Amino acid sequence: MRKMIPVNMPLIGEEEVRAVTKVLKSHILTGRLGSGPNVKQFEEKFAKFVKTKHAVAVNSGSAALHIALWAVGIKTGDEVILPSFTFIASAEAAILAGSRPVFVDINPQTYNIDPKKIEAAITEKTKAIMPVDLYGLSAEMGQIREIAKKHNLKIIEDAAQAHGATYKGKPPGYFADMACWSFYASKNMTTGEGGMVTTNNDEYAENLRIIRSHGEKEE
Ligand SMILES: *Cc1c(COP(=O)(O)O)cnc(C)c1O
């Protein structure tokens, strides 16, 4: 029989089985405005883990990228710069948000977007840069931040593969307006399916929560 090496088998132990069973037995599978008690707790703990003020959980990393672009105001006709080498969801999110993905070459040393090539791709329609921290290696966020500042662009960091990564000692999101995470089964950390947007910006966090809950808002 041919044996496969499980390269990304999720670690599921008794603790996880007990936690899920407890939720099922509680009959509380959702809460007010998009997050039940466990999701709320997860958001708080994840925010601490990535040293950020707000964490907003969604159903996938793709949804996280989509609503992040929406929450910073990306609209039809805008351009979003992203690396030519990433998982396709990064580009799909830009299209779902109505914008046009503009691909910039990667640095073959890091496999991440080459900051030296970003400025040549900026037009008057460019509104955001979406660097991707591929395979757990952070993009060169310091340089990207400088470029974004100079051209007044938002940074949505795709950290779907970068839980626990650091850049100059800082977690993903530190140099960005928002970071987006995936908890898909093959990622560094999993909930089966799931995603999160993290941000230090109160207004963006409010936008994210409103988008997540179909326009409803907590009083
Ligand atoms: C997995 C992944 C996504 C999408 O996350 P899903 O939870 O699968 O929707 C986006 N970007 C990158 C770089 C990814 O690896």
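The values are calculated or read from the model by the stated rules, or taken from the named source; none is laboratory data. Note that the structure is predicted; figures quoted are calculated from it, not measured. FYI the Cβ positions are ideal-geometry reconstructions off the backbone, even for glycines, and counts take in every protein chain you see. When the accessible area is computed, the model is the full protein with side chains, heavy atoms only, and any ligands, DNA or RNA have been set aside. Shrake-Rupley method; radii C 1.70, N 1.55, O 1.52, S 1.80 Å.
Among the residues of segment 32-61, write down those that are open to solvent by less than 40 Å² (accessible area, probe 1.4 Å) and outside any loop (DSSP other than H, G, I, E, B). Reasoning before the result, please.
Step one: filter segment 32-61 for residues open to solvent by less than 40 Å² (accessible area, probe 1.4 Å), giving 33, 35-36, 43, 46-47, 50, 52, 54-58, 60-61.
Hits for segment 32-61 are L33, E43, F46, A47, H54, A55, V56, A57, V58, G61.
Run down I129, I106, I155 and say which single residue is within 16 Å of the ligand (Cβ to nearest atom) and open to solvent by 20 Å² or more (accessible area, probe 1.4 Å). Steps first, answer last, please.
Details: I129 fails: open to solvent by 20 Å² or more (accessible area, probe 1.4 Å); I155 fails: open to solvent by 20 Å² or more (accessible area, probe 1.4 Å).
Of the residues listed, the single one that is within 16 Å of the ligand (Cβ to nearest atom) and open to solvent by 20 Å² or more (accessible area, probe 1.4 Å) is I106.
Are any residues in segment 84-103 among the β-branched types (V, I, T) and away from the ligand (no atom under 13 Å from the Cβ), and if so, which ones? Show your work before the answer.
So in segment 84-103, the residues among the β-branched types (V, I, T) come out as 86, 88, 95, 102.
Residues satisfying the conditions are I95, V102.
When the residues of segment 158-180 are filtered to those that are near the ligand (Cβ under 9 Å from one of its atoms) and touching a Ser or Thr at 6+ places or on another chain (Cβ under 7 Å), which remaining residue is nearest to K40 (Cα to Cα)? Even if it seems obvious, please write down each step before you answer.
Within segment 158-180, the first condition is being near the ligand (Cβ under 9 Å from one of its atoms), and the residues that meet it are 158-162, 180.
Narrowing the set further to residues that are touching a Ser or Thr at 6+ places or on another chain (Cβ under 7 Å) leaves 158, 160, 162.
On the way: D158: 22, A160: 20, A162: 22 Å.
Out of the qualifying residues, it is A160.
Tally time: how many residues in segment 129-176 are under 24 Å from I67 (Cβ atoms), among the charged types (D, E, K, R) and not in a helix (DSSP H, G or I)?
Matching residues across segment 129-176 total 5.
Scan segment 187-209 residue by residue and report those that are open to solvent by less than 50 Å² (accessible area, probe 1.4 Å) and at pLDDT below 95. So that I can check it myself, show each step before the final result.
As a first pass, look at segment 187-209 and keep what is open to solvent by less than 50 Å² (accessible area, probe 1.4 Å): 187, 192, 194-199, 204-205, 207-208.
If the condition is that a residue be open to solvent by less than 50 Å² (accessible area, probe 1.4 Å) and at pLDDT below 95, then K187, G192 are the ones that fit.
Suppose we filter segment 138-152 for residues that are without any contact (Cβ under 8 Å) to a residue 24 or more places away in the chain and open to solvent by less than 10 Å² (accessible area, probe 1.4 Å); how many remain? Show your work before the answer.
To start, the set of residues in segment 138-152 that are without any contact (Cβ under 8 Å) to a residue 24 or more places away in the chain comprises 146, 148-150, 152.
Subset that is open to solvent by less than 10 Å² (accessible area, probe 1.4 Å): 148.
Number of matching residues: 1.
Checking G173 against (1) touching a residue at least 12 places away in the same chain (Cβ under 8 Å); (2) open to solvent by 60 Å² or more (accessible area, probe 1.4 Å), which single condition isn't satisfied?
For G173, the failing item is (2).
Give the residue, chosen from I67, I122, I81, that is away from the ligand (no atom under 14 Å from the Cβ), open to solvent by 10 Å² or more (accessible area, probe 1.4 Å) and touching a strand residue (DSSP E or B) at 6+ places or on another chain (Cβ under 9 Å). Even if it seems obvious, please write down each step before you answer.
Details: I67 fails: away from the ligand (no atom under 14 Å from the Cβ); I81 fails: open to solvent by 10 Å² or more (accessible area, probe 1.4 Å).
Criteria check complete, one pass: I122.
Mind counting the residues in segment 192-207 that are under 15 Å from the mean Cα position of the chain (by Cα) and either among the aromatic types (F, W, Y) or within 16 Å of the ligand (Cβ to nearest atom) (or both)?
Summing the residues that are under 15 Å from the mean Cα position of the chain (by Cα) and either among the aromatic types (F, W, Y) or within 16 Å of the ligand (Cβ to nearest atom) (or both) in segment 192-207 gives 7.
Take the conditions at pLDDT below 95 and open to solvent by 30 Å² or more (accessible area, probe 1.4 Å) and apply them to L29. Does it pass? Don't jump to the end; show me each part of the working.
Values: at pLDDT below 95: yes; open to solvent by 30 Å² or more (accessible area, probe 1.4 Å): yes.
Criteria met by L29.
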